[in-house]
Amino acid sequence: MIIINILLPLAVGLIFIFYKKIKYYSFSVITSTLCLINSILLFFSKYEKYEIKIRWVDLLNLDIVLSNTIISSINIFLASFFTFIIVVFSGKVLENVKNNTYFSFIFFILSFTNLLFLSRNLILVLICWGILGIIVYFMIRFTTQKDEFTTATKTITILGITDFCLFVGIIMFIISIKNYEIKNLALNPENYSIIYTLLIVGTLGKIGIIPFHNWIPDTSEKLPSSINAYLIAAIDKIVGFYLLLIIVKDIFVFKQNILLMTLGSFTVIVGVFMALQQHNLKKLLSYHSISQVGYIIVSIFTGTTLGLIGAIFHMINNTIYKTLLFLSSDMIEKTTKNTELSQPKGLVKFLPYSFVFTFVAALSISGIPPFNGFFSKWIIYQSVIDILINTKSLLIVFVLISLIFGSALTLASFVKVIYSLFLSKSQQSEILQNNKYEKFYSIFPMSILTLLCLIFGILSYEIPISKIIKPMLNIKDISSIGLWNAKIAFYLLVVGFIFGSIIYLITVNKPRKVKNYLLAEDEKLKDSVIPATDFYLTIKETYPFSVIYHFAEQKLLDFYNWFLGIISLLSIIIKKIVELEIFDMYIFGKKVVFYFAEKLSKLHNGNLHFYLSFVFIGILIIFLIFIL
């Protein structure tokens, strides 16, 4: 059973590459459905263990062990589910992307992701991790409009640096612990601080935390939104968080880390501030993806069970509503041929379902009840407050304020998005009027994600926490310092909405048309459209944000540019050193010969007694050598 989700997508991906005469979409839907069904069976049999053991290197007694744990079974289900969602949605791939390439990459990623989840061998995990990085590189190269070599190179460079840290950390771990199996070791991070740091850095690069985040905005702007949904919103987060969870919970003792909590809160603030000023929808969503990772990092490094629950729950929620937002972006991109917020689109009449989906996802990511994003953030806030009560630390106060402030700014950012995309005055209404853009294959998967945003918010304790997270962590009870009843809150919201609607219908007057009163203003102003990109300009122009935004626009805060700058500086230094005469063998040899020749020539002074003294010293040296 466990081998099916590895071999089936791998085989289908290879078939798509070498066999061209095939209906890629139909075949992909069938394959993803079979993988999803098998992952569901594996999920419900998570207490039944399957194992495959293959001797890899007999000399080193090294085995490949594939087995399912509760954590791996749940992650395989999540990976298979989001693969199914993306494949079904991709009934019409963007014109510049080849169908066989598009679906092949998706199934290759699913295959090696599942292999990573099932592996109990750290060396095999490292191999799968590296292969996934290579697939991401080629996916960017071959699914972008102009074969984005620069973007792909930037991605593989940043991920390569963090992957190298992971590689060194795993090798040092194997040498130090004499163990290459993934199992509960409960090591003290303080005793293995270098190994622990290297492993954490390796996983944080995949998740996209600051300062290893810069590949995400540049990549998301170039890639089709459906691939962004699969790669940036779902798979990268699931894979990265899985390995991070294994490191902090199983290999090492689960402990609090205030430094990483602070880094997480900094990621929240920087991500959301950068999102506020973006003019491209895909780039805006990518910065929100970075920001949401900050919540997960803060929660997991509180070192509490409640924080771990909040981190897992928010990771699941983030993949749901972030995937939904990127799929909505794909709908807009296919409809208007761009995702620029500077061009008001007014698509509510042409994409009504997409408007509802985007609106729900925007409320979810902003942490508005009764949607799923609120409850996971509520748990994260409680875990941070619990730490604050125990430590009384001002740094924890900063962390808590950053998380709450980040949610408020996220909502402000999506006010701009909803206005520009759906509620503004359309400039393309005549072009879009007679076309139907929302097909069943796109509405169906987006509807599922929208329902999950609502269900995981209302039944948060009954389904995701009780059925997924508690079995994953093997815990029975959850201690909470706050009180939130999602069902009662939902009922009150529904009653309030119904009551408000009744009052509106009773009191509303029949609308009447009147001439605009312009108060001596220009008549043309009545048709003017306020661009959404002008929202929050005061933030950008206010000190010190103006300085930070200026640095960001000049790419001075880009870790990749720092790396290139250091490499360029080192290359200049090495070039100058190599150009020194000491490294020119001809000039250096010539100078050495002339130097000794000059010294020897001074010994030839024509004095016989001087020559005889040298003869005597030479005979004496030879005599001493033979005697001793």
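The values are calculated or read from the model by the stated rules, or taken from the named source; none is laboratory data. Just so it is clear, the model here is predicted, and its values are computed rather than measured. For neighbour counting, all protein chains shown are included, and Cβ atoms are generated from backbone atoms with ideal geometry for every residue, glycine included. We work out accessible area using only protein heavy atoms, side chains counted, and drop any ligands, DNA or RNA first. Shrake-Rupley method; radii C 1.70, N 1.55, O 1.52, S 1.80 Å.
Listed values, structure above:
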| quantity | calculated |
| --- | --- |
| Odd one out for Leu244 among (1) under 26 Å from Asn390 (Cβ atoms); (2) open to solvent by 40 Å² or more (accessible area, probe 1.4 Å); (3) touching a residue at least 12 places away in the same chain (Cβ under 8 Å) | (2) |
| Matching residues in segment 160-176 - criterion: being open to solvent by 60 Å² or more (accessible area, probe 1.4 Å) and either in contact with a Gly (Cβ under 6 Å, 6 or more places away or on another chain) or of a type in the set (A, V, I, L, M) (or both) | Ile171, Met172, Ile175 |
| Some residue of segment 351-360 being modelled with pLDDT of 90 or more, assigned to a helix (DSSP H, G or I) and farther than 29 Å from His279 by Cα | no |
| Residue that is surrounded by the most Cβ atoms within 10 Å (Cβ to Cβ) [pool: residues in segment 124-151 that are of a type in the set (A, V, I, L, M, F, W, C) and in contact (Cβ under 8 Å) with a residue 60 or more places away in the chain] | Ile140 |
| Sole exception among (1) open to solvent by 10 Å² or more (accessible area, probe 1.4 Å); (2) under 25 Å from Lys222 (Cβ atoms); (3) over 18 Å from the mean Cα position of the chain (by Cα) for Tyr180, by number | (2) |
| Among (1) surrounded by fewer than 23 Cβ atoms within 10 Å (Cβ to Cβ); (2) in contact (Cβ under 8 Å) with a residue 24 or more places away in the chain; (3) of a type in the set (D, E, K, R), the one test that Glu190 misses | (2) |
| Residue list for segment 440-465, filter: touching a Gly at 6+ places or on another chain (Cβ under 9 Å) and either of a type in the set (Ser, Thr, Tyr) or open to solvent by 60 Å² or more (accessible area, probe 1.4 Å) (or both) | Phe440, Tyr441, Ser442 |
| Qualifying residue in segment 466-486 (condition: modelled with pLDDT of 75 or more, open to solvent by 90 Å² or more (accessible area, probe 1.4 Å), assigned by TED's automatic domain parsing to the domain that holds Phe374 and assigned to a helix (DSSP H, G or I)) | yes |
| Positions within segment 526-547 being part of a helix (DSSP H, G or I), open to solvent by 80 Å² or more (accessible area, probe 1.4 Å) and modelled with pLDDT of 70 or more, in sequence order | Thr538, Glu541 |
| Within segment 252-346, helices (runs of 4 or more DSSP H) holding 2 or more residues that are under 25 Å from Lys467 (Cβ atoms) and in contact with a Pro (Cβ under 9 Å, 6 or more places away or on another chain) | 305-336 |
| Ser354 vs. criteria crowded, with 24+ Cβ neighbours inside 10 Å and of a type in the set (Gly, Ala, Ser) | yes |
| Failed item, numbered, when Asn184 is tested on (1) touching an Asp or Glu at 6+ places or on another chain (Cβ under 6 Å); (2) over 19 Å from Val253 (Cβ atoms) | (2) |
| Residues of segment 445-455 classified as within 23 Å of the chain's Cα centre (by Cα) and over 17 Å from Val494 (Cα atoms), total | 6 |
